[in-house]
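S.K.: The structure that follows is given in the form of structure tokens.
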Amino acid sequence: MAHAGGFDPAFDAAATPSSPAATPGGDRRGVDDDDDEIGGFGTRRDEAPSSSKPSDRAHWNGSTEFILAAVGAAVGLGNLLRFPYMVFKHGGAPFLIPYALAALFVGVPVLGAELMLGHAMQKGIVDSFAIMHARAWGIGAAATLGGFLLASYYGVIIAWVWVFLLASMTSSLPYDDGKEETFFYDDVLARRDDISRGIGPCKWWLVIALTLTWATCYACIRSGVKSAGKVIWVTLPLPYLLLFFLLIKGFTLDGAGAGLEFYLFKWDWSSLGKGEAWVDAVAQIFFGLSIACGNMPAYGSGCARDNKIGRNAWVIAVANAATSLYAGFVVFTFLGHLAHVDGVSVNDVAQGGWGLAFVVYPAAIATFGDGAAQFFAFCFFLMLLCLAIDSLFALIDGVITAFCDRFPRCAKHRELTAAVACVAGFFAGLPMTTEGGYQVVDVVDAYVSRYALVIAGLAETIFLGWVYGADRLQDESKALCGVGVGGRYFAPTLKYVVPSVLIVMLAYNLTREGETYGGYPRYAIGIFGWLCCVVAPVTLIGLGVAKPFSLLRPGAYLDLEDEEERAGGGGGVAGEGSLEMGRVRSRD
């Protein structure tokens, strides 16, 4: 993920002696022109494009730190705010069936492929695809764009969290009078209901909170693995500890049992006959595992060569699912209590999304009385902050890694690159701090999850499964660390099941586009939805096909000493020295 000083990541590349790109004198023929070559460096199907030599790339301080970071990237607001409501909405425990199937046949294969990709290539997603084929870099760029769009509105939601966190430190909660909706929509957001004539001006308090968000993010990732690896030891365990405190409190509340009954113990099997439940399950997995948005290959590239990356993909997926279930118990004990206090059914207070975090939950906490209410409000919003900030800096790290891989100056000045990326995220979020910002967040959230991530994921799986070869990718991972993702299960799933599911999901989402989403003006849907989340990623994929990337610069030549070492290593993926490749270096 991070790059050590002096490392030239864009051109520290593997090359084979038979490829035109590897000839002394820097002849670049065949890199951009020969589309029959699978590798962007001219590598062929029987040659792995990565190097088994110790990489100059900075690495996580052990497998445990990597798992913590990857779980922190995967586990976020969706686990707490979206998943429990999806279970409630789609019939309780029966929803766990499509969710488990989606995790097994969509989530784990894509997550494993992305982690193996970054691990084998020791690059982020853009250059990893460019290594495999010079015309495939656009797929990685589309995924990176999706990650940046996610980060842009994630930062704004964290800004809302900052406001509520500070409000919890007051002597009396500003919403303890039963006007939680008024406080959130009118006081915090200053929301404008009609944005047909524009989204209005930015609100200074949200701009300040957004600045604080991105400053915090920069502090976490400015040195890449070195800084993020330290931060994650605090920001990941702390939310679980706070969730435990909230769970204990929830179990002591009147009405908690009724809430849990609505969460998992009222079964409606008819929901499984509805397409929406299955689409929501896949969407939850895609969003929940943080796949198809560029950050997982970046994290995988920070793993040492002997990291059991395929096995760790299962650990991350299981941790994500367990956290979602765990969070649901916390949410619904509090919802049951709120329904008990108001004398209504849990059906009447349950809602998903931002309303759950910023309206319903504060309303439940406000019933605890002065002192206890402030304490548990502080715990809740600190937990949200930690969950969200881990995901935010993971998303933006995927963007930083893409630039550092491609441009040596960005790698040399990584802290400055990180600062520029964070400033870009700040400016991208500014439209969401306006009076119409809530609607902008809603549109971007919907269209990123419905289209941007699905388009990138579909392109990824088609290329990895059919062009590069799912078996080949897993074989290379086994050659490096001894294990893959799932034996014979991985390749057919990545080739057939995942693309089929994503195509159906895209078709289903398109059929729901009859009326303008949310009743918002067409300009808002057009700019923040279709243009940013559909047109832009598709354009990047097409641009990659039209304009290949060469990862060699003019004047590069093959280090003959490395070439002589590699020559005795044997060919083929399974050979002991098959990953021992020549190193391309610059004359200057």
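Each value in this text was obtained by applying a stated rule to the coordinates, not by laboratory testing. Just so we're clear, the structure is a prediction, and the values are computed from it rather than from any experiment. Cβ placement follows ideal geometry from the backbone for every residue including glycine, while neighbour counts extend to all protein chains displayed.
S.K.: Using Cα pairs closer than 8 Å and at least 6 residues apart in sequence, work out the relative contact order for segment 59-546, in percent.
M.R.: Computed over segment 59-546, the figure is 35 percent.
S.K.: Karplus couplings for segment 423-437 from phi (6.51 cos²θ - 1.76 cosθ + 1.60, θ = phi - 60°), rounded to Hz, Gly and Pro as x?
M.R.: Ordered by residue, 3J(HN,Hα) equals 5, 4, x, 4, 5, 5, x, 4, x, 8, 9, 7, 5, x, x Hz.
S.K.: Restricting to lysine pairs 8 or more places apart or on different chains, what number in segment 59-546 have Cα atoms under 22 Å apart?
M.R.: So the count works out to 15.
S.K.: Please list, in order along segment 471-487, the HN-Hα scalar couplings obtained from phi with the Karplus expression 6.51 cos²θ - 1.76 cosθ + 1.60 (θ = phi - 60°), rounded to whole Hz, x for Gly and Pro.
M.R.: For segment 471-487, the Karplus-derived couplings read 4, 4, 4, 5, 4, 5, 5, 5, 5, 7, 10, x, 9, x, 8, x, x Hz, x marking Gly and Pro.
S.K.: Kindly write out, for segment 383-388 in residue order, the coupling ³J(HN,Hα) from the Karplus curve 6.51 cos²θ - 1.76 cosθ + 1.60 (θ = phi - 60°), rounded to whole Hz, with x marking Gly and Pro.
M.R.: Listing the rounded values in order: 4, 4, 4, 5, 4, 6 Hz.
S.K.: Next question, about the same structure. Could you list SER168, SER290 in order of exposure, starting from the residue whose Cβ has the fewest other Cβ atoms within 10 Å?
M.R.: Ascending Cβ contact count within 10 Å gives the list SER168, SER290.
S.K.: Hey, can you rank 178-184, 83-89, 294-300, 336-342 by average C-beta count inside 10 Å, highest first?
M.R.: Result, highest mean Cβ count within 10 Å first: 294-300, 83-89, 336-342, 178-184.
S.K.: Same structure, new question: Quick one: putting +1 on the C-beta of Lys and Arg, -1 on the C-beta of Asp and Glu, what dipole do you get for segment 59-546 around its Cα centre, in Debye to the nearest 20?
M.R.: It works out to roughly 1580 debye.
S.K.: Roughly how far apart, in whole Å, are the Cα centres of segment 451-493 and segment 496-521?
M.R.: 24 Å
S.K.: Of CYS386, ALA159, LEU540, which is farthest on the positive side of the dipole of segment 59-546, counting Cα position, with +1 on Lys and Arg Cβ, -1 on Asp and Glu Cβ, and the Cα centre as origin?
M.R.: Selected residue: LEU540.
S.K.: Send over the per residue convex hull volume for segment 59-546, Cα only, as a whole number of Å³.
M.R.: Considering the Cα atoms of segment 59-546, their hull volume per residue is 134 Å³.
S.K.: To continue, here is another question. Have a look at GLY92, VAL497, TYR175 and report the one farthest towards the positive end of the charge dipole of segment 59-546, computed about the Cα centre with Cβ charges (Lys/Arg +1, Asp/Glu -1).
M.R.: Positive-end residue among those listed: VAL497.
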